[in-house]
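In what follows, a single structure is set out as structure tokens and then discussed.
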Amino acid sequence: MQAPSINSPQFSTRGDGAKIAFHATPARDSTKPTGVIFCGGLRSDMEGSKALALEAWCKTEGRSFLRFDYTGHGQSSGTFEKTCISDWAQDTLYVLDTLTKGPQVLVGSSMGGWVGLLTARDRPKRLKAFLGLAAAPDFTEDLMWEELTAEQRETLMDKGQVAVPNDYDPNDPYIISKLLIEDGKNHLLLREPLNIQMPVRLIQGMQDADVPWKTALKIQDALASDDVEIQFIKNGDHRLSTDGDLKRLTRTLGNLLIDIEE
């Protein structure tokens, strides 16, 4: 593992050679044993406002916290167009298994909600709860593929990728790969009951232009857990990154941690 310089990330090299960039905050309060892991969204990185707000809150609370970049994202190795849900789910399991100790709560934003739910299903003894922000399981099938035109689908299948407009940055279109669409089919979660028994909290904006608010209801219906709560934010968008949104996030996380540690 490569040691960091000031304000630069650490890197952990997996057995397959992939390098995962991360920032880890150690616990300072032994009475608060549960750590927090943040999983970002598609094409985002660990320097976003939600990741940093959670880090600052955990430092104040004395809790351990981990934020990281998936392969093909941020400062980790790999190319976005050559990575997919399988890779990002593997990244999340890797950081949980090798970079954290003890019980954890995973916070997943958008696509991070998908890999977070996959992780919660596969590591029930390590994860004690899940908190999703505009969680987007199955988005490659239900959102991306469904919204492509017939011409875009043809381009995707023939050329292996297609560029679609980016509402957040017109000069930086999204590249959707055939790999991403086809791999996503192997990880769909909402077609059958989802065997996750831990407490789950979902925060969903009702003005989200990327993930329909009814997705939160579909997640709730699929989950085996009886301890599921949804907060619908009337004017909330997909990013949920205003000052009010970030306060809601840390408040919800704090209450969730109280629930599981009392």
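Would you say residue 217 is touching a residue at least 60 places away in the same chain (Cβ under 8 Å), within 28 Å of residue 140 (Cβ to Cβ) and either assigned to a helix (DSSP H, G or I) or among the hydrophobic types (A, V, I, L, M, F, W, C) (or both)? Can you show your working first?
Details: touching a residue at least 60 places away in the same chain (Cβ under 8 Å): no; within 28 Å of residue 140 (Cβ to Cβ): yes; either assigned to a helix (DSSP H, G or I) or among the hydrophobic types (A, V, I, L, M, F, W, C) (or both): yes.
No, not satisfied.
State the number of residues belonging to the range 53-80 that are of a type outside the set (A, V, I, L, M, F, W, C), over 17 Å from the mean Cα position of the chain (by Cα) and either surrounded by fewer than 16 Cβ atoms within 10 Å (Cβ to Cβ) or under 29 Å from residue 29 (Cβ atoms) (or both).
7
Please tell me if residue 136 is touching a residue at least 60 places away in the same chain (Cβ under 8 Å) and under 21 Å from residue 179 (Cα atoms). Full working, then the answer.
Working: touching a residue at least 60 places away in the same chain (Cβ under 8 Å): yes; under 21 Å from residue 179 (Cα atoms): yes.
The answer is yes for residue 136.
Condition first: farther than 23 Å from residue 258 by Cα and of a type in the set (Lys, Arg). Now tell me which residues in the range 100-154 satisfy that.
Within the range 100-154, 153 is the sole residue that qualifies.
Looking at the range 196-228, which of its residues are of a type in the set (D, E, K, R) and surrounded by 14 or more Cβ atoms within 10 Å (Cβ to Cβ)?
Those that are of a type in the set (D, E, K, R) and surrounded by 14 or more Cβ atoms within 10 Å (Cβ to Cβ): 201, 208, 210, 218, 227.
Please verify whether the range 234-243 includes one or more residues that are without any contact (Cβ under 8 Å) to a residue 24 or more places away in the chain, closer than 22 Å to residue 56 by Cβ, surrounded by 14 or more Cβ atoms within 10 Å (Cβ to Cβ) and hydroxyl-bearing (Ser, Thr, Tyr).
Looking for residues that are without any contact (Cβ under 8 Å) to a residue 24 or more places away in the chain, closer than 22 Å to residue 56 by Cβ, surrounded by 14 or more Cβ atoms within 10 Å (Cβ to Cβ) and hydroxyl-bearing (Ser, Thr, Tyr), one finds at least one in the range 234-243, hence yes.
Contact list please: Cβ distance under 9 Å, first residue in the range 158-169 and more than 18 Å from residue 208 (Cβ to Cβ), second residue at pLDDT 90 or above and among the small types (Gly, Ala, Ser), pairs at least six apart or on different chains.
160/177; 161/177; 162/177
Determine which member of the set 41, 78, 74 is small (Gly, Ala, Ser) and more than 22 Å from residue 13 (Cβ to Cβ).
Selected residue: 41, the only one of 41, 78, 74 that is small (Gly, Ala, Ser) and more than 22 Å from residue 13 (Cβ to Cβ).
Residue check, residue 262 against (1) without any contact (Cβ under 8 Å) to a residue 60 or more places away in the chain; (2) of a type outside the set (Phe, Trp, Tyr); (3) touching a strand residue (DSSP E or B) at 6+ places or on another chain (Cβ under 6 Å), all met but one. Which one?
(3)
Collect the residues in the range 180-212 that are over 17 Å from the mean Cα position of the chain (by Cα), within 15 Å of residue 139 (Cβ to Cβ) and aliphatic (A, V, I, L, M), keeping them in residue-number order.
181, 209
Exactly one of (1) out of contact with any His (no Cβ under 9 Å at 6 or more places or on another chain); (2) crowded, with 20+ Cβ neighbours inside 10 Å; (3) not charged (D, E, K, R) is unmet by residue 193. Its number?
For residue 193, the failing item is (2).
Scanning for something under 19 Å from the mean Cα position of the chain (by Cα), crowded, with 19+ Cβ neighbours inside 10 Å and part of a loop (DSSP other than H, G, I, E, B), does the range 138-157 turn up at least one residue?
Yes, because at least one residue in the range 138-157 is under 19 Å from the mean Cα position of the chain (by Cα), crowded, with 19+ Cβ neighbours inside 10 Å and part of a loop (DSSP other than H, G, I, E, B).
The values are calculated or read from the model by the stated rules, or taken from the named source; none is laboratory data. Just so you know, these numbers come straight off a predicted model, no measurement behind them. Counting neighbours? That spans all protein chains shown, and the Cβs are built from the backbone with ideal geometry, glycine included.
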